[in-house]
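K.L.:
Could you have a look at this structure, given as structure tokens, before my questions?
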Amino acid sequence: MSTSSYYVPATSKWPIISVIFLGFLAVGAGMLMTSGSGLIPFLIGFVGTLWVMYGWFMDVFKESQAGLYDAQMDRSFRQGMAWFIFSEVMFFAAFFGTLFYIRVFALPWLDGEGAKGVTALLWPDFVATWPLMTTPDPSIGGPDAIVNPWTLPLINTLLLVASSITLTFAHHALKHQDRKKLINWLVATLVLGGVFLVIQGIEYVHAWTELGLTLQAGIYGATFFLLTGFHGVHVTIGLIILAVMLVRVLKGHFTPDQHFAFEASAWYWHFVDVVWIGLFLFVYVF
Amino acid sequence: AAINTSSGWNLPPGVTSISQEIFSLHMIIFWICVAIAVVVFGVMFWSLFAYRKSKGAKPANFHENTTVEVIWTAVPLLILIAMAIPATATLKKIYDTSDADIDILVTGYQWRWHYQYVEEDLSFFSNLGTPRSQILGEEDKGDFYLLEVDNPLVVPVGKKIRFLFTSNDVIHAWWVPDLAIKKDTIPGFINESWTIIDEPGTYRGQCAELCGRDHAYMPIEVRAVSQETYDEWLEEQRQMLAEDAAGSQREWTMDELMDRGKGVYNTYCAACHQADGSGMPPAFPALKNNPMMITEEGRDAHIDAVLYGRSGTSMPAYSGTLSVADIAAVITYERNAWGNDAGDRVQPSEISEMLSDD
Amino acid sequence: MVPELPPRPDKHQAISDTAAGGSAVDQGGHHHEQPTGLLRWLLTTNHKEIGTLYMLFALLMFFIGGTMALIVRAELFQPGMTFVVPEFFNQMTTMHGLIMVFGAIMPAFVGLANWLIPVQIGAPDMALPRLNNFSFWLLPVSFTILLSTLFMEGGGPNFGWTFYAPLSTTYGPPSTSFFILAMHLAGISSILGAINIIATILNLRTPNMRLMDMPLFVWTWLITAFLLIAVMPVLAGVITMMLLDINFGTSFFDAAGGGDPVLFQHLFWFFGHPEVYIMILPAFGIVSAIVPTFARKRLFGYASMVYATASIALLSFVVWAHHMFTVGLPLTAQLFFMYSTMLIAVPTGVKVFNWIATLFRGSISFELPMLFSLAFIVQFTIGGLSGVMLAIAPVDFQYHDTYFVVAHFHYVLVPGAVFAILAAAYYWLPKWSGVYPNVKLGLAHFWLSVIGVNLTFFPMHFSGLAGMPRRIPDYALQFADFNMLSSIGGFLFGISQLLFVAVIVLCIRKKGEKAPAQAWEGAEGLEWQLPSPAPLHTFDTPPEFIPERDSPSRH
Ligand code: HEA
Ligand code: HEA
Ligand code: CUA
Ligand SMILES: [Cu+2]
């Protein structure tokens, strides 16, 4: 146990400022969805939140650089991050649970199989398939076609796996004080992640405009975009974090044994990667 | 007047073998819980009494004892197993819907029930029968306040009836305590349940799943009758349906329309637009002196609103709920009641023509 | 834009804080430029101040949610539509449930955790103090949005605190999106708060304090925090899906597009059932602290208490569908969930028996915290036993969605969770404020509360069994007598809570008997080594802890 005292920041304006902006963000988003107005509060909230994150993290960097954090503090950050990722795992678990429930229970029931098969009386023409191309009520309409997993999604899988590997190389380089390699591998990771997002964007446009695969395309479209969409959001966040790490590396931050921020971003990135593997298997392939 | 076989403060034993099984299961488990409570609270209060500091009690020093801890883990476990065995048996019976004599499809609507006798080609809506004046306290409440309907579900005794439950909008739950049936009606899915009623009688229940504003006002009335009465009733219903169908073709008088319209209005419309047509603006517009209802130009829009509802508001479409005669009557009523003076009539034939056009 | 680097606290300060039973410590020179006034509360990173904020917020919400309950009770005083219209009644029921659960009980427990966990484990503060402040201030924002929905067109949430689809999606009022966003903010607050608590407990214990040396309140919170992190994201997920169904045309909960409304319920209750244990486990911890103090005898079965708590938490993940016995689950699912639910009675029973064994051959006195704790044990057990009745699936067909359920959960929540929170307040108020709570007022508060609570909720068992559904503004005549009793009891209980406010106000104004460091004769734990009131900053250097002497699990 360390003998130095645990660092407790005196006061901080960031929490209160950030909740105000989050309030704007929420109210703005609510207004946008219900009445169409609300762009201004939404933007205030959005930009403000970004600014707060910058400022808040800057404080933390400075404190860290100033050597205020001891090993115990480091453990607090580690545990905080680890449990945060666990909460993200549960968030995605809800979505995967949805996918499995729909495929294993709901659709067969609607088609007349299993414990609630009488339901088929209501949907005499419905046939359960996955991907679900024709919905129980055909007026909702399923997609016309689905994304072939062995094209762009496969490339994306390779990209993300590769990016996890390059990030690990970067981490090794950091541990061995090889800054040049560190920068190169980190940049490579960012590029791979960026290309992933671009491809994902292309795929979305293709799906939406050419395949009729939209959010409204029945439960297939809904689960498809729910899972890939939230994954995409997480890739974006991961990329922003990694970009910040790159900036810090360029500024000369981090030492071989003091670089938790870097590690945390790596954990996050690997987590996002693992989620993708699950997606690739259960959303695209099977 | 009691609504069911309940004593007023306990579950009703009910009138089916399942309901009675459930009742005795309830009583057994209740008494087990009472016994546990007596023992637990007995020891507790005795300790509180016997080891008071004010009486000079000195604390003992023990704080662990594996033997007692094992015992008080094992004993509750055994008690629970003893409870689970009969519960499992009853549950299995409840789930056996095979070999039914009659199938009835029950559909929940906001806020009424629809019953369809699957084999009989007979179906109807069942609405709250209690007048609004009782609800608003303008009139004394009757014995079956909120538990009476206009068209009860009629079934024969001694027959296995299979219920199929579904919903037209939100989730409701069809619950009749005396039959010990409570099943959610899930829109787009069907749930099953069954009963064999032994005793003739009227059994009352309510919707048991929050389904919006008038959740409290969608009761259930099941009339269990002998097979003969049931057959007669079926015959009567068929005749009424035939008359209704014929009625939609003939010309109705103003009085006929107004008379029928008033009943329909009070059942379907008054909850929002109020019995006197004053509405509750802005959510529920007033119909009294409403331009749409007193002018010739408003007529089409008026009919359209009743038939197809108003999207984005709580005005539902009635084309699938009400018969053409009902629709014609209620529109006529709205145009001529409370001092509204459009003076025109809407004929059932007009409505059925409009409907067959789409 | 970037502020000055905060000053590094001097290491030598506050050592005397930790001197056993030391007198109040001079705070001078430490933590310069402390803002004062409102700003102090807005910017604080101090766990005690944040704990206080949480508790005051919870109290405010308790009164707002309670007032809504009283509106419900006023309408139900007599049959007929007498006082409010059904739309408004539904909003009151819904908001009452939401506010009590997310605004009152949970923040109250988080507040207690903030105040107590660091001082019980000898930590200088919470592990992530800034995040802590952030977690708190999200709540006022969230609940302002939630309450403001009541004034929006179409009114606020009116679909029950369980907001089942499609009543809350296709048929929900326009304000539902705001409701969802407010819940998101509250959820983030809970998750971050829980992360902070776990990190604090796992990382900031004073040297030599092993996990099995921690006070039970800390243990129960560790497990509660784990539950929170596991299930709040699922709630976030399901409300996000609602948001998509409402605004973006997806069909998760709509069979027409291949979805299922019951899927909503599975997701909701996967969160919802652990949620109810989130509202009771910390209460167990509180009672496990108070009963030994006033029995002047060590807690019986420390280890089995810990294992029981963990078992309850783990089981709570596999029982959720006992709230859905009537939705038409397949028979096997029905049986599985019935058995797993019944099993929870075993570890819970262990806890009750341990408390009673602690009382057995103790030297018992009946101070205010003890009275509330004893009332907790009795009334929670009543609620738990009715829970076991509900767990019997075939019989639940009769109980479900009746006032019998309302009786069950108010017994575990009001004379359960709320009484435990009140017990905690009476127990630790001397530590927080430096003076003992006023005994006369406290006694009146206690007895009126006990009478009021039972008068309110006991008759609900009967009205429920006799057939009264829940969430109705108007009912058949044979339920009238029981409802009148419940309403009278509700007002009695509600108004008695004003006495509690009086007690608090007196303590804040330091009116009352001064408390020494060791405020209660039989109390154990590091917090009682601190002066009363505890200085703002404590344990900057970890206090001495010798397991053989100080651990609650010592032999
Ligand atoms: C603090 C909150 C809390 C707690 C602790 C509990 C505890 C329990 N609850 Fe409760 N419950 C709620 C809050 C809580 N509940 C809420 C809010 C709802 C309604 C939600 C809604 O629909 O709005 C609800 C609803 C609810 C239902 C659904 C009812 C329905 O809607 O039809 C069921 C069904 O199984 C249930 C069961 C149980 C059980 C078995 C326990 C057990 O944990 C109880 C265990 C305790 C004991 C059993 C007593 C002590 C033990 C002994 C003395 C040992 C010996 C005992 C035996 C051998 C029996 N609860
Ligand atoms: C979590 C904790 C919790 C707590 C503490 C309470 C507390 C109370 N609850 Fe409730 N309740 C729930 C959780 C809780 N409840 C939930 C989850 C539901 C389900 C909701 C749903 O169906 O969706 C519910 C539902 C519920 C119903 C059923 C409603 C219905 O089905 O339509 C009723 C009916 O009587 C009720 C009553 C009460 C009463 C009288 C209290 C009393 O204890 C309240 C005491 C009152 C006060 C504390 C207020 C004091 C105020 C004053 C004295 C006025 C002074 C005013 C100011 C200073 C502003 N509650
Ligand atoms: Cu229908 Cu409640
Ligand atoms: Cu539960």
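K.L.:
Viscosity 0.692 mPa s, temperature 37 °C: give me the Stokes-Einstein translational D for the stretch C:89-170 in µm²/s, with Rh taken as the Kirkwood radius over C-alpha pairs.
P.N.:
223 µm²/s
K.L.:
If one computes the Cα centroid of the stretch C:313-362 and of the stretch B:1-77, what distance in Å separates the two points?
P.N.:
What the calculation gives is 15 Å, centre to centre.
K.L.:
Right, here's the next one. Taking the stretch C:45-550, how much of its Cα-Cα pair set, in percent, is spaced more than 33 angstrom apart?
P.N.:
On the way: 46942 of 127765 pairs.
Distances greater than 33 Å cover 37 percent of the Cα pairs.
K.L.:
Whole number in Å², please: accessible area per residue of the stretch A:188-286, 1.4 Å probe, ligands, DNA and RNA not counted.
P.N.:
That works out to 36 Å² per residue.
K.L.:
Right, something else. So for the stretch B:1-84, Kirkwood radius off the Cα pairs, Stokes-Einstein at 20 °C and 1.002 mPa s: how many µm² s⁻¹?
P.N.:
D, rounded to a whole number, is 129 µm²/s.
K.L.:
Does anything in the stretch B:80-103 have its amide N under 19 Å from the 7 Å Cα→Cβ label point of B:K160, and if so which residues?
P.N.:
B:89-103
K.L.:
Could you look at the stretch A:1-68 and say what percent of its accessible area is carbon and sulfur, using a 1.4 Å probe and all protein chains? All intermediate terms of the calculation are to be shown ahead of the outcome.
P.N.:
On the way: 2320 of 3040 Å².
Carbon and sulfur together cover 76 percent of it.
K.L.:
Report the charge-dipole magnitude of the protein assembly as shown in Debye, nearest 20, computed about the Cα centre from +1 at each Lys and Arg Cβ and -1 at each Asp and Glu Cβ.
P.N.:
With only Lys, Arg, Asp and Glu charged at Cβ, the dipole is about 6400 debye.
K.L.:
Kirkwood Rh over Cα pairs of the stretch A:1-68 into Stokes-Einstein at 10 °C, 1.306 mPa s: D in µm²/s?
P.N.:
It diffuses with D of about 116 µm²/s by this estimate.
K.L.:
With a 1.4 Å probe, what is the total accessible area buried between chains A and B, in Å² rounded to the nearest 100? Write down the numbers at each step before the final one.
P.N.:
On the way: alone 15540 and 19690 Å², together 34500 Å².
So the total buried area for this chain pair works out to about 700 Å².
K.L.:
Compute accessible area for the stretch B:134-172 by itself and then with all protein chains, 1.4 Å probe, and report residues whose area falls by 40 Å² or more.
P.N.:
Relative to the lone chain, where solvent access is computed with a 1.4 Å probe, the stretch B:134-172 loses at least 40 Å² at B:K141, B:Y145, B:V170, B:I171.
K.L.:
Roughly speaking, to the nearest percent, how much of the stretch C:132-214's 1.4 Å accessible area is carbon and sulfur? If you can, show how the numbers build up before the last one.
P.N.:
Values: 1360 of 2100 Å².
The computed percentage sits at 65.
K.L.:
Once label points are set 7 Å from the Cα along Cα→Cβ at both A:H172 and C:L314, what is their separation, rounded to one decimal in nm?
P.N.:
Rounded to a tenth, the inter-label distance reads 3.8 nm.
K.L.:
Could you give the accessible area per residue of the stretch C:398-555, probe 1.4 Å, as a whole number in Å²?
P.N.:
Accessible area per residue: 34 Å².
K.L.:
What distance in nm lies between label points placed 7 Å from Cα along the C-beta direction at B:V34 and A:W208?
P.N.:
About 6.6 nm, to one decimal.
K.L.:
In Å², and per residue, what accessible area does the stretch C:165-234 have when probed at 1.4 Å with the other protein chains present?
P.N.:
Heavy-atom accessible area per residue stands at 20 Å².
K.L.:
Taking the Cα centre of the stretch C:25-157 as origin, work out the dipole magnitude from +1 charges on Lys and Arg Cβ and -1 charges on Asp and Glu Cβ, in debye rounded to 20.
P.N.:
Here the stretch C:25-157 has a charge dipole of around 120 debye.
K.L.:
Taking the alpha-carbon set of the stretch C:447-533, what are its Rg and Dmax in Å?
P.N.:
20.5, 59
K.L.:
Follow-up question, since we're still on this one. Which value at 222 nm does the protein assembly as shown reach when only helices count, each DSSP H run of 4 or more adding -39,500 (n - 2.57), with the total divided by all residues and rounded to the nearest 500 deg cm²/dmol? Don't skip to the answer; put the middle values down first.
P.N.:
Details: 37 runs with 665 residues, N = 1199.
Mean residue ellipticity at 222 nm (helix-derived): -19000 deg cm²/dmol.
K.L.:
In a Debye calculation with equal point scatterers on the alpha-carbon sites of the stretch C:375-457 and no solvent, what is log10 I(q)/I(0) at q = 0.11, 0.25 Å⁻¹?
P.N.:
Log10 I(q)/I(0), no solvent term: -0.38, -1.14.
K.L.:
Follow-up. Would you be so kind as to identify which of B:A283, C:V238, C:F253 lies farthest towards the positive end of the dipole of the protein assembly as shown, taking Lys and Arg as +1 and Asp and Glu as -1 on Cβ and the Cα centre as origin?
P.N.:
Of B:A283, C:V238, C:F253, it is C:V238.
K.L.:
Using a simple charge model, +1 on the beta-carbon of Lys and Arg, -1 on the beta-carbon of Asp and Glu, nothing else, what dipole does chain A show about its Cα centre, in debye to the nearest 20?
P.N.:
In total the dipole reaches around 900 debye.
K.L.:
Ordering C:E87, B:E138 by accessible area with a probe of 1.4 Å, largest first, what comes out?
P.N.:
B:E138, C:E87
K.L.:
Report, to two decimal places, the Cα Rg of chain A normalised by 2.2 N^0.38 Å (N = number of residues).
P.N.:
This ratio for chain A stands at 1.21.
K.L.:
Considering protein heavy atoms only and a 1.4 Å probe radius, which residues within the stretch C:363-412 exhibit an accessible-area decrease of no less than 40 Å² in the full assembly relative to the chain by itself?
P.N.:
C:S363, C:I364, C:F366, C:V378, C:L385, C:M389, C:I392, C:P394, C:V395, C:F397, C:Q398, C:D401
K.L.:
When the solvent-accessible surface of protein heavy atoms is calculated with a 1.4 angstrom probe, in what order do C:L455, C:L204 fall, highest first?
P.N.:
Greatest to least solvent exposure: C:L455, C:L204.
K.L.:
Which value results when the Cα radius of gyration for the protein assembly as shown is divided by 2.2 N^0.38 Å?
P.N.:
Working: Rg = 32.1 Å, N = 1199, 2.2 N^0.38 = 32.5 Å.
Normalised by 2.2 N^0.38 Å, the Cα Rg of the protein assembly as shown equals 0.99.
K.L.:
Would you give the gap between the C-alpha center of the stretch C:185-253 and the C-alpha center of the stretch C:129-168, rounded to a whole Å?
P.N.:
18 Å
K.L.:
At a 1.4 Å probe, which residues in the stretch A:77-97 are at least 40 Å² less accessible with all protein chains present than in their chain isolated?
P.N.:
Residues shielded by partner chains are A:Q79, A:W83, A:F86, A:S87, A:M90, A:F91, A:A94.
K.L.:
Here's a follow-up. Just the number, please: buried accessible area between C and B, total of both chains, 1.4 angstrom probe, nearest 100 square angstrom.
P.N.:
The summed interface area works out to 7800 Å².
K.L.:
Ok, one more. Quick check: at a probe of 1.4 Å, how many percent of the accessible area of chain B sits on carbon and sulfur atoms? Before the final figure, lay out the partial values.
P.N.:
On the way: 8680 of 15470 Å².
Carbon-and-sulfur percentage of accessible area, whole number: 56.
K.L.:
Checking the cross-link filter: which lysines have an alpha carbon closer than 24 Å to that of C:K440, excluding same-chain neighbours under 8 positions apart?
P.N.:
B:K53, B:K55, C:K431, C:K510, C:K511, C:K514
K.L.:
Now for a separate question. Tell me the total accessible area that A and C bury against each other, 1.4 angstrom probe, in square angstrom rounded to 100. Show your work: numbers first, answer last.
P.N.:
On the way: alone 15540 and 22490 Å², together 31510 Å².
Counting both chains, the buried surface is close to 6500 Å².
K.L.:
What FRET efficiency would be calculated for the residue pair A:I237, A:K181, taking the C-beta separation as r and a Förster radius of 22 Å, to the nearest 0.05?
P.N.:
The calculated FRET efficiency here is 0.30.
K.L.:
On the principal axes of its Cα set, how long, how wide and how thick is the stretch B:227-276? Give whole Å, largest value first.
P.N.:
Extents along the principal axes, in whole Å: 43, 28, 13.
K.L.:
Which FRET efficiency value, to the nearest 0.05, do you get for A:T129 and A:W150 by plugging their Cβ-Cβ distance into 1/(1 + (r/R0)^6) with R0 = 22 Å?
P.N.:
0.65
K.L.:
Hey, got a sec? Which trypsin sites (Lys or Arg not before Pro) in the stretch B:202-311 land in a DSSP loop and have at most 11 other Cβ atoms within 10 Å? Before the final figure, lay out each step's value.
P.N.:
Numbers: sites: B:R204, B:R213, B:R223, B:R238, B:R250, B:R260, B:K262, B:K288, B:R299, B:R310; in loops: B:R213, B:R250, B:K288, B:R310.
Sites meeting the loop and neighbour criteria: B:R250.
K.L.:
What share of the DSSP beta bridges in the protein assembly as shown is antiparallel, in percent to the nearest 5?
P.N.:
75 percent
K.L.:
What span do the alpha-carbon atoms of the stretch C:284-363 cover on each of the three principal axes, reported in whole Å from largest to smallest?
P.N.:
Per principal axis, max minus min of the Cα coordinates gives 52, 17, 16 Å.
The values are calculated or read from the model by the stated rules, or taken from the named source; none is laboratory data. Quick caveat, the model's predicted, so the values are computed rather than measured. Every residue, glycine as well, gets a Cβ built from its backbone with ideal geometry; the counts of neighbours run over all protein chains shown. Surface accessibility is based on the protein's heavy atoms, side chains included, excluding ligands, DNA and RNA. Shrake-Rupley method; radii C 1.70, N 1.55, O 1.52, S 1.80 Å.
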